[in-house]
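Below is one structure, written out as C-alpha cells; the observations come after it.
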Amino acid sequence: QVQLVESGGGLVQAGGSLRLSCAASERSFSINSMGWYRQAPGKQRELVAIITSDASTNYADSVKGRFTISRDGAKHTLDLQMNSLKTEDTAVYYCYLVTPWGSYWGQGTQVNVSS
C-alpha cells in the first residue's frame, strides 16, 4: 500500500506564496501521473494541477500563471509552488498518485489565505 504524505500547508496573506510537497512511501513502482486536488468548505474536490509520466502538465484555469507543479521521478516526490495566493485558494490540498495498479490519495494539508 502506497502512502502519500503532504507537507507545506499553512496560513499566508493574500499575495503571498507557499510550497506544498508530497512524498510517496515507496519508489518501486511506475507512475502514470501525479497531481494536486483541493477541496474548499462546502465545495467539491477539484483538480488543481497534474503532471504525467512524460512531464506534461495541466492546470485549472483558476491557478494558471500562479501555480507550478513539478516532480522528481527518481524520488517519487511532487511539489506545488503557489504564488500570488488569493483568499479563494483556501482549501485542503490533496496529493494524488496514479499507478498502473491503482490510485492513491494523501491525507491532505490545509492552506489558508487571509485577506
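The values are calculated or read from the model by the stated rules, or taken from the named source; none is laboratory data. Everything numeric in this text was worked out from a predicted model, so none of it was measured. Cβ placement follows ideal geometry from the backbone for every residue including glycine, while neighbour counts extend to all protein chains displayed. For accessibility, only protein heavy atoms count, side chains too; no ligands or nucleic acids. Shrake-Rupley method; radii C 1.70, N 1.55, O 1.52, S 1.80 Å.
No other residue among SER115, SER30, SER25 is open to solvent by 40 Å² or more (accessible area, probe 1.4 Å), free of Cβ contacts under 8 Å to residues at least 40 places away in the same chain and of a type in the set (Ser, Thr, Tyr) apart from SER25. Within the stretch 33-49, the residues that satisfy the criterion of being modelled with pLDDT of 95 or more, open to solvent by less than 30 Å² (accessible area, probe 1.4 Å) and not in a loop (DSSP other than H, G, I, E, B) are GLY35, TRP36, ARG38, VAL48, ALA49. With ALA49, ALA40 as the choices, which residue is touching a strand residue (DSSP E or B) at 6+ places or on another chain (Cβ under 6 Å) and more than 20 Å from GLN3 (Cα to Cα)? Unique residue meeting the criteria: ALA40. Annotation note: Cβ proximity below 7 Å between a residue of the stretch 1-18 that is of a type in the set (S, T, N, Q) and a residue that is open to solvent by 30 Å² or more (accessible area, probe 1.4 Å) (sequence gap 6+ or interchain) occurs for GLN3/SER25; SER7/SER21; GLN13/SER114; SER17/ASN83. The condition (being surrounded by fewer than 20 Cβ atoms within 10 Å (Cβ to Cβ), touching an Asp or Glu at 6+ places or on another chain (Cβ under 6 Å) and over 18 Å from GLY10 (Cβ atoms)) is satisfied by just one residue among SER103, SER53, SER62, SER70: SER70. Considering ARG19, ARG27, the condition of being of a type in the set (Lys, Arg) and in contact with a Gly (Cβ under 8 Å, 6 or more places away or on another chain) is satisfied by ARG19 alone.
Here is a yes/no grid of residues against (1) aliphatic (A, V, I, L, M); (2) not in a strand (DSSP E or B):
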| site | (1), (2) |
| --- | --- |
| GLN1 | no, yes |
| GLU6 | no, no |
| GLY15 | no, yes |
| PHE29 | no, yes |
| ILE51 | yes, no |
| SER62 | no, yes |
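Pick from LEU80, LEU85, LEU20: which is assigned to a loop (DSSP other than H, G, I, E, B), buried (at least 16 other Cβ atoms within 10 Å of the Cβ) and modelled with pLDDT of 95 or more? Just one listed residue meets the conditions, LEU85.
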